[in-house]
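Undergrad: Below you will find the structure I want to go over with you.
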Amino acid sequence: MLLQVSGLEVAYGPVRAVRGVDLEVHQGEIRAILGANGAGKSSIIRAIMGLVKPRGGTVAFGGQALHKLLPHKVNEWGIAWVPEGRQVFSTLTVQENLLMGAFGRRHGETMHARQEQIMDMFPTLRERRTQMAGSLSGGEQQMLAIGRALMSNPRLLLMDEPSLGLAPKVVRSLFDLAQEIRARGISILMAEQNARQALRVADFAYLLEVGEIRGGGSAREMEASEKIRRVYLGG
Amino acid sequence: MEQFIQQLVNGIMVGSTYAVVALGFGLVFSVMRVVNLAHPEIFMIGAYVAFVVITGLHVQGQGRGVLVGVALFLAVLLVAMLTTGLVGLVLERLVIRPTRGTYILTPFIATAGVSIVLQNSAQRLFGPDPVRVPSVIPPHTFTFSGVRVTSMQLATFLTAGVIMLALRYYVHNTRWGRATRAVAEKPDVAAACGVNVNLVSQLTVSIASIMAGAAGVALGLLYTSAAPFMGLLFGLKSFICMLVAGNRHIEAIMAVGLLLGVVEAIVTGYISSNLRDAVAFALLLAVLFFRPQGLFGSYEV
Amino acid sequence: MSSFLSAHLPAFWVVTLITAGLNAIITMGLYFSNSAGALSACHAALAGMGAYVAAVLTTNFDWPFPVALLAGAVTGFAIGMLLALVTLRMNELVAGLTTLAFGETIVIIAFNLDYIGGANGFIGIPLQTTFDAVYPLLVLVVFAAWRFDRSRLGYAARACRDNAYAAAAMGINVPWVKTLVFALGSGIAGLGGGLRAHYVLVQNPDDMGFFFSINYLIFWVFGGSYTCWGPVFGAMFLTILPELLRFSLYDRFIIYGVILTAIVIVRLQGVITRVPLGRQPAFVAWLSRLWRRRVPAASLGQSQGGR
């Protein structure tokens, strides 16, 4: 088991956003957290990444306890983050953004090779390498955000609402990309509102409602479930 | 015409120190969203360090050769920069780090408290009156086609210039400079990329403090005086430079600092020296009225 | 009251108390001004303008003191309104900085106006302010603030501060509220300034500068910017503290600075923290229970947050 989250509690002041959540991700899997806006998906992702201090519970990654670590340490252990809404560094160039991705785990030469690899994966980025990241389109920025996260050679990729704000065609290719990433041996935990696409590529999915896991199962099971069909897949 | 160019040159000399201190403010503000009110006092510390070192080691006097003079100047600079860098480190750890990220006034007031401590400590140690900081560089006036530049002015300008160029290089061409820019824009994302934000915070404040210290030495030697409250007005003007320039581009702050120096010199020379201090505020009002985000734009606050 | 105090306290303490009271009044002005989210960095200048007006009226034109004070307050009100209108469209930080620039400009103008004394200040002001004048007025101002907190305007102002868009969406006339509230606070500042001028007997351009405006801001934040008691506490504590530390001239400020910094770091929200208004503080509830023998209305639930 790669990632294990037990009894996670995240609160902002008196508001409990995440209540006793248990989830896991195995090596080579894509797992999705499905749920509506405000269900707490982002909070879970942020807690795993160390960006918000959980009020309770544990996060273990390959046996290593993560929940007390600062984000840069979490990154060092092999987890990378694709934030909600892309969040590229708009005042840095595309190339600089990619280099930032490898900041924590640079290996000199390997970094350069890695950059080439990523740009092979995303040819548009290669074209625009000296452009300011802020001038890229939404889809391109998403590519950049993912590429940046991959630069650190992570074992687990955390994706927070990757399809948000993207055109349907782009969304499709985005989830295809997720499959490609899995094929390269990188596991993915993604928080998604777009249940249809997520279930298309995920191996396993959780259902999050008001901070609690209300269900979970393999993608097939979830797709077949009556409730999911009704609420999230449009019947 | 000659007089105009003379004023221009005088203005650029002083303006370069405004720019250096303003850059320090700007750096800390854009990276950490903190207005470090103690920054001008760190500038003041630089000047006093120069005073202490020069008079303490009895190296004043200007009868030496140029090389020795310059070497001494550099030595004094080094000591001052180390001292202020250290002060900056302590300031960051004790005062800025606990208060950053909260309401914008909290670090403002906390650093205001520090500035009160520093000002009064200086008064206590050195008395409330300005002390004379003897120069170490042999006085020499160069004349370039009618325009007079003293050796100390030159030293000031060169110091400021080197610092500004070094900063620019750091920010744009080094790994940590890149990380600093990333943290300035999106600290969370930068942290998730492996950047130790606390370290960047320390680095930034230290760099800003080192710069302020160097500017303090330069100005102290230029005007041969150091006073406990020298940071107040100078700091305010530098702060205004930062506001007018916006914090999008480092070069903007540099340009505005120089601009302020020049306009002040021209106003002093041609209109009235009473109005010199009003220039900065007039500039601020004028610019903010038409372009609230500063001359060259700034990040979302 | 004044004579009672002078008889029983060393003169030094009377002076300190009066100064503390004056600072408290002016800082209460800040409470109003900043309640809608503005950041007035020229408060000392507003107080100073009210001071100059009141002083000139009593000294040069023999106006009665209360009327002159009122004139000073109206001056502050008017200028505050003007300033608020000018900064209406700016974002909070830029507006704050504009007030800063405004304050400094006023200082420079005052320096150059010989009618009001220029750099030497305006002197010859009659001593009109006593303990009896300051503290009742302070109580009045605090009472006004307390009522303000519970009034529609007060709620509207806080709504504007917390989220201007939401406030507008709820039908609050945001520009009007911001302007009015800022003007009110500036008027109080003018009042306090007038009082101060008639105590210190000299009004300098320097007293209107950034340094003093920052002082008032510090009093306001330190004491706790969310309740009407906060600024009073802040002003009085921070005025009296340096006097208590009267060992040496500089040491006391050093200690003052250390205390200021330490407290701000440790108690980030200011010393007197926000008490949500939907829920009465325990002792007030207890008091009203004693008074009216009735259980106070159920609280609206805890709501915290804020800065």
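The values are calculated or read from the model by the stated rules, or taken from the named source; none is laboratory data. Quick caveat: nothing in here was measured; it's all calculated off a predicted structure. Here the Cβ is made from the backbone with ideal geometry for all residues, glycine too, and neighbour counts use every protein chain on show.
Undergrad: Give me the pairs: first residue in region B:154-166 and surrounded by 14 or more Cβ atoms within 10 Å (Cβ to Cβ), second residue not hydrophobic (A, V, I, L, M, F, W, C), beta-carbon distance under 6 Å, and six or more apart or on different chains, which are they?
TA: Sorted first by the residue in region B:154-166, then by its partner, the pairs are B:PHE157/B:SER16; B:ALA160/B:SER16; B:ALA160/B:THR17.
Undergrad: Next question, about the same structure. Would you point out which residue out of C:LEU268, C:LEU238 is at pLDDT below 70, surrounded by 15 or more Cβ atoms within 10 Å (Cβ to Cβ) and either under 20 Å from C:LEU39 (Cβ atoms) or small (Gly, Ala, Ser) (or both)? Step through it out loud before you land on a result.
TA: Details: C:LEU238 fails: at pLDDT below 70.
It is C:LEU268.
Undergrad: With B:PRO128, B:PRO107, B:PRO98 as the choices, which residue is more than 24 Å from B:MET152 (Cβ to Cβ), at the interface with chain C (Cβ under 9 Å from one of its Cβ atoms) and buried (at least 19 other Cβ atoms within 10 Å of the Cβ)? I'd like the intermediate steps shown before the answer.
TA: Working: B:PRO128 fails: buried (at least 19 other Cβ atoms within 10 Å of the Cβ); B:PRO98 fails: buried (at least 19 other Cβ atoms within 10 Å of the Cβ).
So the residue among B:PRO128, B:PRO107, B:PRO98 that is more than 24 Å from B:MET152 (Cβ to Cβ), at the interface with chain C (Cβ under 9 Å from one of its Cβ atoms) and buried (at least 19 other Cβ atoms within 10 Å of the Cβ) is B:PRO107.
Undergrad: Could you tell me which residue of region C:58-75 is surrounded by the most Cβ atoms within 10 Å (Cβ to Cβ), considering only residues that are farther than 14 Å from C:ALA197 by Cα and in contact (Cβ under 8 Å) with a residue 24 or more places away in the chain?
TA: Here the residue is C:THR75.
Undergrad: In region A:1-47, which residue that is under 21 Å from A:VAL201 (Cβ atoms) and touching a His at 6+ places or on another chain (Cβ under 8 Å) is surrounded by the most Cβ atoms within 10 Å (Cβ to Cβ)?
TA: In this case the residue turns out to be A:LEU2.
Undergrad: Determine, yes or no, whether B:SER115 is within 14 Å of chain C (Cβ to nearest Cβ), surrounded by fewer than 22 Cβ atoms within 10 Å (Cβ to Cβ) and outside any loop (DSSP other than H, G, I, E, B). I'd like the intermediate steps shown before the answer.
TA: Working: within 14 Å of chain C (Cβ to nearest Cβ): yes; surrounded by fewer than 22 Cβ atoms within 10 Å (Cβ to Cβ): no; outside any loop (DSSP other than H, G, I, E, B): yes.
No: the conditions fail for B:SER115.
Undergrad: If B:VAL66 satisfies every condition in (1) crowded, with 16+ Cβ neighbours inside 10 Å; (2) of a type in the set (Val, Ile, Thr); (3) more than 10 Å from chain C (Cβ to nearest Cβ) but one, which is the exception?
TA: (1)
Undergrad: Strands (runs of 3 or more DSSP E) wholly in region A:122-215 with at least 2 residues that are over 13 Å from the mean Cα position of the chain (by Cα) - which ones? Reasoning before the result, please.
TA: On the way: elements: A:156-160, A:187-192, A:204-209.
Passing ranges, in order: A:204-209.
Undergrad: Which residue, of B:VAL70, B:VAL76, B:VAL95, is without any contact (Cβ under 8 Å) to a residue 60 or more places away in the chain, farther than 18 Å from B:PRO228 by Cα and in a helix (DSSP H, G or I)? If you could, list the steps in order and put the result at the bottom.
TA: Working: B:VAL70 fails: without any contact (Cβ under 8 Å) to a residue 60 or more places away in the chain; B:VAL76 fails: without any contact (Cβ under 8 Å) to a residue 60 or more places away in the chain.
Answer to the selection: B:VAL95.
Undergrad: Which members of region A:150-180 meet the condition of being within 14 Å of chain B (Cβ to nearest Cβ) and at negative phi?
TA: Within region A:150-180, A:LEU150, A:MET151, A:SER152, A:PRO154, A:LEU156, A:LEU157, A:LEU158, A:MET159, A:ASP160 meet the criteria.
Undergrad: Another one. Starting from residues that are facing chain B (nearest Cβ under 7 Å) and within 15 Å of A:GLU76 (Cβ to Cβ), keep the ones in region A:97-107 and report whichever is modelled with the lowest pLDDT.
TA: First, the residues of region A:97-107 that are facing chain B (nearest Cβ under 7 Å): A:99-101, A:103-105.
Narrowing the set further to residues that are within 15 Å of A:GLU76 (Cβ to Cβ) leaves A:100-101, A:103-105.
Numbers: A:MET100: 91, A:GLY101: 90, A:PHE103: 88, A:GLY104: 77, A:ARG105: 69.
Within region A:97-107, the match that is modelled with the lowest pLDDT is A:ARG105.
Undergrad: Does C:LEU97 count as of a type in the set (A, V, I, L, M), in a loop (DSSP other than H, G, I, E, B) and in contact (Cβ under 8 Å) with a residue 12 or more places away in the chain?
TA: On the way: of a type in the set (A, V, I, L, M): yes; in a loop (DSSP other than H, G, I, E, B): no; in contact (Cβ under 8 Å) with a residue 12 or more places away in the chain: yes.
In short, no.
Undergrad: While we're here: If a residue has to be surrounded by 17 or more Cβ atoms within 10 Å (Cβ to Cβ) and outside any helix (DSSP H, G or I) to count, how many in region C:100-119 make the cut?
TA: The qualifying residues number 1.
Undergrad: On to the next question. Given the conditions (1) crowded, with 16+ Cβ neighbours inside 10 Å; (2) modelled with pLDDT under 90; (3) among the charged types (D, E, K, R), which single one is not true for A:ARG129?
TA: With respect to (1) crowded, with 16+ Cβ neighbours inside 10 Å; (2) modelled with pLDDT under 90; (3) among the charged types (D, E, K, R), A:ARG129 is out only on (1).
Undergrad: Inside region A:1-34, can you point out the residues that are within 14 Å of chain C (Cβ to nearest Cβ) and touching a helix residue (DSSP H, G or I) at 6+ places or on another chain (Cβ under 7 Å)? Step through it out loud before you land on a result.
TA: Here is the first cut: in region A:1-34, the ones within 14 Å of chain C (Cβ to nearest Cβ) are A:11-17.
A:ALA17, the sole residue that qualifies.
Undergrad: Further, regarding this structure: Taking region A:216-235, which residues are on the phi < 0 side of the Ramachandran plot and either of a type in the set (Phe, Trp, Tyr) or assigned to a loop (DSSP other than H, G, I, E, B) (or both)?
TA: Correct list: A:SER225, A:TYR232, A:LEU233.
Undergrad: I would also like to ask the following. Of everything in region A:47-62, what is outside any helix (DSSP H, G or I), more than 10 Å from chain B (Cβ to nearest Cβ) and aliphatic (A, V, I, L, M)? Give them in sequence order.
TA: At the first step, the residues of region A:47-62 found to be outside any helix (DSSP H, G or I) are A:50-62.
Filter once more, keeping what is more than 10 Å from chain B (Cβ to nearest Cβ): A:53-62.
Hits for region A:47-62 are A:VAL59, A:ALA60.
Undergrad: Would you check if B:ARG33 is touching a helix residue (DSSP H, G or I) at 6+ places or on another chain (Cβ under 6 Å), closer than 30 Å to B:ALA182 by Cβ and modelled with pLDDT under 90? Walk me through how you get there before you give the answer.
TA: On the way: touching a helix residue (DSSP H, G or I) at 6+ places or on another chain (Cβ under 6 Å): no; closer than 30 Å to B:ALA182 by Cβ: yes; modelled with pLDDT under 90: yes.
When the stated conditions are applied, B:ARG33 does not pass them.
Undergrad: What is the number of the single condition among (1) in a helix (DSSP H, G or I); (2) within 24 Å of B:VAL200 (Cα to Cα); (3) within 22 Å of the chain's Cα centre (by Cα) that B:MET44 does not meet?
TA: With respect to (1) in a helix (DSSP H, G or I); (2) within 24 Å of B:VAL200 (Cα to Cα); (3) within 22 Å of the chain's Cα centre (by Cα), B:MET44 is out only on (2).
Undergrad: OK, next. Quick check: anything in region A:1-18 touching a residue at least 60 places away in the same chain (Cβ under 8 Å) and of a type in the set (Asp, Glu)?
TA: No, that holds for no residue.
Conditions (1) under 29 Å from B:ARG181 (Cα atoms); (2) within 10 Å of chain C (Cβ to nearest Cβ); (3) acidic (Asp, Glu), marked per residue:
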site: B:GLY213; (1), (2), (3): yes, no, no
site: B:GLY220; (1), (2), (3): no, no, no
site: B:TYR223; (1), (2), (3): no, no, no
site: B:LEU243; (1), (2), (3): yes, yes, no
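Undergrad: I would also like to ask the following. Within region A:68-84, work out how many residues are in a loop (DSSP other than H, G, I, E, B) and either in contact (Cβ under 8 Å) with a residue 40 or more places away in the chain or among the small types (Gly, Ala, Ser) (or both).
TA: The qualifying residues number 3.
Undergrad: I need a count of the residues in region A:85-109 that are touching a residue at least 40 places away in the same chain (Cβ under 8 Å), of a type in the set (S, T, N, Q) and in a helix (DSSP H, G or I).
TA: 1
Undergrad: Within region C:11-57, how many residues turn out to be touching a Gly at 6+ places or on another chain (Cβ under 9 Å), touching a residue at least 40 places away in the same chain (Cβ under 8 Å), within 17 Å of C:GLY193 (Cβ to Cβ) and in a helix (DSSP H, G or I)?
TA: Start the filter on region C:11-57 by keeping residues that are touching a Gly at 6+ places or on another chain (Cβ under 9 Å), which leaves C:22-35, C:38-55, C:57.
This time we only want the ones that are touching a residue at least 40 places away in the same chain (Cβ under 8 Å), so: C:22-35, C:38-55.
With within 17 Å of C:GLY193 (Cβ to Cβ) added as a condition, the list becomes C:22-33, C:40-55.
Now narrow it down to the ones that are in a helix (DSSP H, G or I): C:22-33, C:43-55.
Summing the residues that are touching a Gly at 6+ places or on another chain (Cβ under 9 Å), touching a residue at least 40 places away in the same chain (Cβ under 8 Å), within 17 Å of C:GLY193 (Cβ to Cβ) and in a helix (DSSP H, G or I) in region C:11-57 gives 25.
Condition check ((1) more than 10 Å from chain B (Cβ to nearest Cβ); (2) farther than 24 Å from A:GLU180 by Cα) across all residues:
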{"position": "A:GLN64", "(1), (2)": "yes, yes"}
{"position": "A:LYS73", "(1), (2)": "no, yes"}
{"position": "A:PRO83", "(1), (2)": "no, no"}
{"position": "A:GLN95", "(1), (2)": "yes, no"}
{"position": "A:THR110", "(1), (2)": "yes, no"}
{"position": "A:GLN115", "(1), (2)": "yes, no"}
{"position": "A:MET119", "(1), (2)": "yes, no"}
{"position": "A:THR124", "(1), (2)": "yes, no"}
